1. Please verify whether V320 is open to solvent by less than 20 Å² (accessible area, probe 1.4 Å) and under 22 Å from the mean Cα position of the chain (by Cα), treating the condition exactly as stated.
2. Among the listed residues A333, A354, A311, identify the single one that is assigned to a helix (DSSP H, G or I), in contact (Cβ under 8 Å) with a residue 24 or more places away in the chain, crowded, with 22+ Cβ neighbours inside 10 Å and not hydroxyl-bearing (S, T, Y).
3. Considering V100, V128, V107, V133, which residue is under 12 Å from G220 (Cβ atoms) and open to solvent by 30 Å² or more (accessible area, probe 1.4 Å)?
4. How many of the residues making up the range 155-203 are open to solvent by 20 Å² or more (accessible area, probe 1.4 Å) and outside any helix (DSSP H, G or I)?
5. Within the range 281-300, does at least one residue satisfy the condition of being among the small types (G, A, S) and part of a loop (DSSP other than H, G, I, E, B)?
6. Within the range 72-97, how many residues are at pLDDT below 65 and open to solvent by 70 Å² or more (accessible area, probe 1.4 Å)?
Amino acid sequence: RRTCGAGGGGGGGQRHAAPRCCAAALDDEGKALGKALGKAEWLRLLAEAEERTRDQAPAAAQPAPAQPAPAQPAPVEDDVADVRLADSWASAKSLAGRPVFSQPSNVDPSTRIEVHEHASGWRSLVFVASERVSVQSKVQLDGGSGLAQPYAMPTEYLKSMVALALSALADVPRLERVLVLGMGAGSLPSYLGRCCPEARLVDAVELDATVAEAAQGPLGLDPGRVAVHVDDAAAWLRGRAAAATAREPYDLVCVDIADGSNRIPETFYSAAFLADVRASLAPHGVVCHNFHSGKADLDRRLEEACAAYGAAFPGGACRVPSPARRPWNTIVAASPRRGAFSSLEELRAAARRAREQRGLPFDA
């Protein structure tokens, strides 16, 4: 006994119990049997055949039960204090600041270096040029000492630099020597000096003497934690690398240098510069370098820099976009230590340890 696959032109056939349809599929012997039994009996037998066919048909494939998702670590969030800090700056910057410092740039006299005072103790370092006005960085002063509060750093890419550096160095018990090339208002060296209290001193190199004056004056940079060197960063580093045998190497080098259009000068990712960086680092040391991205020329420089870092540090290099609303910053990091950035999971675990060890108020 058979059933026919009658149906429309698309897809597989559908079973039908209609006697007219099924009788058309029978051979001559089946037709003769149908006449002998009579219509009622034939329909009964046909119904039984249909039922047996359904019972014997293989069960339709059932979807496999969903496997439980691998356990994920509980999401880690910024501390309430850090969130409030960002909100405080967002509120303060909404109102025009009052200039408390204004001097021509020592590098480009057509640009003025200004410090603007805002509400809640905030001050901003502002570059005023004929074609643009840009806020370079911001600090919040302590009402008692008048010094910049080290943890008042609402700039996401600087947090990314700190997190990546301290994660890669999480197994180094003491970070005693830190170097920052491109100081600005001093937010980064101040922050590193605070979360690495064992550091005897944080060296910071700044090209523009007017910027250094603003940082050490109205922006409240702590002279007891940060040693300021006014010089070309590449030349200063080369001189130090040449005398590296007589000086202690750095555990961490941070580079944050750009021109007025946010371009990273090629000097600061050349083979010669990276060789000087490597010569200045301890064997376990780490370099973190901020790059701007999001435009064709900036992206090209970023790719060139990544290739240069990979050549200079074949044992370990990586890049991490800063988790800001728009990916304008990418941090490139490298180390002479092989495998320093070989495992993302190990780096995430190290970030959690670094946050706990160093008391970082944000999600490292």
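The values are calculated or read from the model by the stated rules, or taken from the named source; none is laboratory data. Remember, predicted model here, so these are calculated numbers, not experimental data. Cβ atoms come from the backbone with ideal geometry, glycine included; neighbour counts cover every protein chain shown. Ligands, DNA and RNA are excluded from the accessible area calculation, which covers all protein heavy atoms including side chains. Shrake-Rupley method; radii C 1.70, N 1.55, O 1.52, S 1.80 Å.
1. no
2. On the way: A333 fails: assigned to a helix (DSSP H, G or I); A311 fails: crowded, with 22+ Cβ neighbours inside 10 Å.
Every option except A354 fails the conditions.
3. Result: V100 is the single residue among V100, V128, V107, V133 that is under 12 Å from G220 (Cβ atoms) and open to solvent by 30 Å² or more (accessible area, probe 1.4 Å).
4. Total meeting the criteria: 11.
5. Yes, that holds for at least one residue.
6. Applying the first criterion (at pLDDT below 65) to the range 72-97 yields 72-78, 94-95.
Keeping just the survivors that are open to solvent by 70 Å² or more (accessible area, probe 1.4 Å) gives 72-75, 77, 94-95.
Residues in the range 72-97 being at pLDDT below 65 and open to solvent by 70 Å² or more (accessible area, probe 1.4 Å): 7 in total.
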